[in-house]
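**Student:** This is the structure I want to talk about, given as structure tokens.
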Amino acid sequence: MPNIAYVNGRWGHLASASVSVEDRGFQFGDGVYELIRTYHGTVFHLQEHIKRLYESLKQIEISIKETPLRLEQIVQSGVKKSGHSETKIYIQVTRGAAPRLHSFPKGVRPTLVMTFRKLDPLSPKIFNKGVAIISVEDIRWGLCNVKSL
């Protein structure tokens, strides 16, 4: 089954999907994202992820025309179109494409991208045996709940 993309209302193969090099997400990291997965074709905590996406958008002052319900519908449609039982869904919203200036552009349509890729689950051996890890202090900026680009 194909890995697919949804870019500003259009579906296509992931390999041929593109956005403008003038997109502020590319130029400045001016956007937010969510990563969601499915379990046996069911999207995990979809409403919670969409809610967090909208909270992140509010924090960086981006408004999109799509409602939360519409985004949920697009996600469900993408999962179905991809045909993967285990899917990695990446949603990215940027301020949109505009000439490169540091001030926020006026009247620019935000860019909405969703990608749907086959997710290869971890080996059961990892779940049974476990893995060694280390942890370090999180020294990122104070709004680490905003998943910025």
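**Student:** Please get the size of the charge dipole for segment 4-129, origin at its Cα centre, with Cβ charges of +1 on Lys and Arg and -1 on Asp and Glu, quoted in debye to the nearest 20. Intermediate values should be presented prior to the final figure.
**Tutor:** On the way: 19 positive and 11 negative charges, 36 e Å.
Rounded to the nearest 20 debye, it is 180 debye.
**Student:** Ranked highest first by average number of other Cβ atoms within 10 Å, how do 53-62, 108-117 line up?
**Tutor:** Working: 53-62: 16.4, 108-117: 20.0.
The densest-packed peptide leads the list: 108-117, 53-62.
**Student:** How far, in degrees from 0 to 90, does helix 46-59 lean away from the longest principal axis of the Cα atoms of the chain, to the nearest 10?
**Tutor:** The answer is roughly 30 degrees.
**Student:** Rounded, prolate or oblate for segment 1-71? Axes are the square roots of the Cα gyration tensor eigenvalues, ordered a ≥ b ≥ c, and the cut-off for rounded is a/c under 1.5. Please list the in-between numbers first.
**Tutor:** Values: a/c = 1.93, a/b = 1.07, b/c = 1.81.
Here segment 1-71 falls in the oblate category.
**Student:** How much net charge surrounds ILE50 when only the other residues with a Cβ under 12 Å from the Cβ of ILE50 are counted, with Lys and Arg +1 and Asp and Glu -1?
**Tutor:** Details: positive: LYS51, ARG52, ARG70; negative: GLU34, GLU48, GLU55, GLU66, GLU72.
The answer is -2.
**Student:** Hey, if you put +1 on the Cβ of every Lys and Arg and -1 on every Asp and Glu Cβ in the chain, which of PRO110, GLY29, VAL146 ends up farthest toward the positive end of that dipole?
**Tutor:** Of the listed residues, the answer is PRO110.
**Student:** If packing is taken as the mean number of other Cβ atoms within 10 Å per residue, what is the order of 132-138, 45-51, highest first? Intermediate values should be presented prior to the final figure.
**Tutor:** Working: 132-138: 4.9, 45-51: 15.4.
Order by mean packing, descending: 45-51, 132-138.
**Student:** Could you tell me the calculated FRET efficiency between SER16 and LYS80, based on Cβ-Cβ distance and R0 = 22 angstrom, to the nearest 0.05? Kindly include the intermediate steps, with their values, before the conclusion.
**Tutor:** Values: r = 20 Å, r/R0 = 0.92.
Using R0 = 22 Å, I get an efficiency of 0.65.
**Student:** Number of Lys-Lys pairs in the chain under 27 Å by Cα, sequence gap 8 or more or different chains?
**Tutor:** Close lysine pairs under the 27 Å cut-off: 27.
**Student:** Continuing with this model, one more query. Is the C-alpha gyration tensor of the chain telling us rounded, prolate or oblate? Criteria: a/c under 1.5 is rounded; beyond that, a/b larger than b/c is prolate, otherwise oblate.
**Tutor:** Oblate, because a/c is 1.5 or more while a/b does not exceed b/c.
**Student:** Now for a different question. How far is helix 68-82 tilted, in degrees, relative to the longest principal axis of the Cα atoms in the chain, given as a value from 0 to 90 rounded to the nearest 10?
**Tutor:** Value to nearest ten degrees: 50.
Readers should treat all values here as calculations from the given coordinates under stated rules, not as data from a laboratory. Bear in mind the structure is a predicted one, so any value in this text is a computation, not a measurement. So basically every Cβ, Gly included, is an ideal-geometry build from the backbone, and we count neighbours across all protein chains shown.
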